[in-house]
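Chemist: Here it is: the structure, laid out below.
The values are calculated or read from the model by the stated rules, or taken from the named source; none is laboratory data. What you see is a predicted model; the values in this text were computed from it and never measured. Every residue, glycine as well, gets a Cβ built from its backbone with ideal geometry; the counts of neighbours run over all protein chains shown.
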């Protein structure tokens, strides 16, 4: 029985999973919610899971004990899926963004709601913590994080404030970093509600620290190659920049124009797949009420028809 319900679970299962036994790849194991549902949905299903988070690796151990040879785990990030031995998957799933386990763990430094070291790394064993990134990044790198990834309209004020705060210790902790951003951004309207003024900046910093967009761009073509003919690629995104990369890749594979300015002739395109979902699948009101984090989730599905 599931201990927690992951985002768009029923939709993922209905689109991705076949009635016949199959082999599946979960590229973002996290808390194992989707993985468990896939394994329990058919007693003969096999699942390969990957996750770079050391804590996810610990959770995966219980899956190995419970499901035996039907479950395999790799402690790598999804940008390295070319390293796994298995191929010819019936379905591959990416659930992008930060897991509930990471957000709820104060010490990971993803959230501004509690004070902790400003870390934000998916894998705490390697890479540069957010605090170090903020101290060392060039002006252009900060602009990319805050303006491009975070989509913060007052990005220049934020970037200037970060640079001025270097060496003061204000960038080391989530609370002081949040206060620094809030002071220059102020309260930001968000529809009928208001979001915390540091939300967008924290999101952009996290994406920069973990190189999230680059990993998505690298991983999608490799994942598509690892599908068997008729296999499906399912991706859940939570950010417009993520969704744009996914949408364009899916359209390219389906032999369609990537975007409005793509004016190539049809005979210049090659169709390798078809879009199972023309528009992204989103959470219903009941799921959003139960799990507000699902509000921004978008699920897209692609079915492989031709080998690349």
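Chemist: Being modelled with pLDDT of 95 or more and within 30 Å of residue 136 (Cα to Cα) is the requirement here; does residue 233 meet it?
Modeler: Here the answer is no, as residue 233 does not meet what is asked.
Chemist: If you go through region 195-211, how many residues are farther than 28 Å from residue 253 by Cβ and not in a helix (DSSP H, G or I)?
Modeler: 4
Chemist: Within the bounds of region 67-80, is there any residue that is in contact with a strand residue (DSSP E or B) (Cβ under 8 Å, 6 or more places away or on another chain), at positive phi and surrounded by 14 or more Cβ atoms within 10 Å (Cβ to Cβ)?
Modeler: Within region 67-80, none of the residues are in contact with a strand residue (DSSP E or B) (Cβ under 8 Å, 6 or more places away or on another chain), at positive phi and surrounded by 14 or more Cβ atoms within 10 Å (Cβ to Cβ).
Chemist: Is there a residue in region 154-171 that is farther than 13 Å from residue 130 by Cβ, at pLDDT 95 or above, in contact with a strand residue (DSSP E or B) (Cβ under 9 Å, 6 or more places away or on another chain) and not assigned by TED's automatic domain parsing to the domain that holds residue 246?
Modeler: Scanning region 154-171, I find at least one residue that is farther than 13 Å from residue 130 by Cβ, at pLDDT 95 or above, in contact with a strand residue (DSSP E or B) (Cβ under 9 Å, 6 or more places away or on another chain) and not assigned by TED's automatic domain parsing to the domain that holds residue 246, so the answer is yes.
Chemist: Assess whether residue 25 counts as being closer than 24 Å to residue 282 by Cα, under 19 Å from the mean Cα position of the chain (by Cα), modelled with pLDDT of 95 or more and buried (at least 23 other Cβ atoms within 10 Å of the Cβ).
Modeler: yes
Chemist: Please identify the pairs in which a residue from region 189-218 that is on the phi > 0 side of the Ramachandran plot has its Cβ atom under 9 Å from the Cβ atom of a residue that is at pLDDT 90 or above and part of a helix (DSSP H, G or I), counting only partners at least 6 apart or on another chain.
Modeler: Matching pairs, first to second residue: 211/79.
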